[in-house]
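The values are calculated or read from the model by the stated rules, or taken from the named source; none is laboratory data. All of these numbers come straight from a predicted model, not from anything done at the bench. Reconstructed Cβ throughout: ideal geometry from the backbone, glycine too, with neighbour counts over all protein chains shown.
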Amino acid sequence: MILKRTAGTLLSITVSLVLVVVAWLVFIRQFDMNPMVVRGPGDVWAYLFTAETAEANRALVWDDLTITLVDAGLGLVVGLIGASVIAVAFVLSTAAEQAFMPIAMIMRSVPLVAMTPVLTLVFGRELTATTVIVGIVVFFPALVNLVLGLRSASPQAVDLVRAYGGGTWTAMRKVLIPSALPAFFTSARISAPGAIIGAMLAEWLATGKGIGYRMLQDVSTFESDNLWTSVVVITLVSLAVYSVISVVENIVLARFGRNA
């Protein structure tokens with residue numbers, strides 16, 4: 001069953017990639033785009049693998065990508081852990097949820113672009129600022145999903161645990177958390193591409209490092225080859241991360257999920 005689900009996920013992603021490439025080619029040819037500005041799949045391939053400077057090009061993209069992935073990865077982990085802890089607190093204490101959930105939703109409504117300069121002033125222009133910015137991107141959607149996931153647990157199962165002498169934390173560990181695992185992985189899958197975008201935003205507005213800042217430079221200097229290659233690489237990495245999380249989800253839910 002796990003292999004079947006994994007194969008289905010990989011197949012759907014592969015089909016999506018093929019359709020995107022076809023649409024890309026059709027768009028370029030149909031609208032007669034300026035080749036000085038728009039690059040096609042062949043141009044990206046040449047930039048990375050067949051051009052005389054391909055090795056240097058790959059090194060440049062890889063160095064920038066590494067910075068962005070570290071930024072996004074740390075923010076993703078911090079955001080998911082923070083959302084998980086707060087979600088548990090909200091489920092255990094309705095008063096805490098009523099007090100703090102409105103504040104969380106108000107903060108969520110503030111555009112991140114508007115918050116970034118303030119966060120930069122508070123946390124500086126290094127890794128801490130990027131982690132906070134990405135963490136905010138991840139935290140709020142994950143919090144809502146996880147609260148709903150924890151509350152989706154069967155009341156009868158909770159009552160059964162308590163009937164056998166189990167306390168609140170036993171019910172949390174045995175019933176509520178397994179029920180929330182699908183919500184957790186859904187949050188992770190949705191948040192991972194968002195974390196990469198958040199990291200790039202932080203690089204544009206705060207740190208001046210990574211593939212996000214490089215793309216900003218490429219636009220201003222008309223480095224179209226590197227710009228389009230960066231877009232393709234970021235897209236592929238986002239799909240790869242999404243796929244990995246989906247595979248891990250299938251494995252974990254088969255072992256620890258509500259129906260395991």
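When V91, V37, V113 are screened for being β-branched (V, I, T) and at pLDDT 85 or above, only V91 passes. The set of residues in the range 123-139 being without any contact (Cβ under 8 Å) to a residue 40 or more places away in the chain and within 17 Å of G82 (Cβ to Cβ) consists of F123, T128.
Within this structure, V44 passes the test of being of a type in the set (V, I, T), at pLDDT 85 or above, under 26 Å from G194 (Cβ atoms) and over 19 Å from the mean Cα position of the chain (by Cα).
Tell me, which residue of the range 150-200 that is basic (K, R) and either at pLDDT 90 or above or surrounded by 20 or more Cβ atoms within 10 Å (Cβ to Cβ) (or both) is nearest to the chain's Cα centre (by Cα)?
Top of the filtered list is R189.
Contact list please: Cβ distance under 6 Å, first residue in the range 1-28 and under 24 Å from W45 (Cβ atoms), second residue at pLDDT 75 or above and assigned to a helix (DSSP H, G or I), pairs at least six apart or on different chains. Pairs found: I13/L239; I13/S243; V21/P41. Restricted to the range 201-248, and to residues there that are part of a helix (DSSP H, G or I) and among the aromatic types (F, W, Y), the residue that is farthest from the chain's Cα centre (by Cα) is W228.
Of all the listed residues (I103, I67, I28, I86), the sole one being under 21 Å from L181 (Cα atoms), of a type in the set (V, I, T) and either in a helix (DSSP H, G or I) or in contact with a helix residue (DSSP H, G or I) (Cβ under 6 Å, 6 or more places away or on another chain) (or both) is I86.
F185 fulfils the conditions (1) in contact (Cβ under 8 Å) with a residue 40 or more places away in the chain; (2) assigned to a helix (DSSP H, G or I); (3) within 19 Å of V70 (Cβ to Cβ) except for a single criterion, (3).
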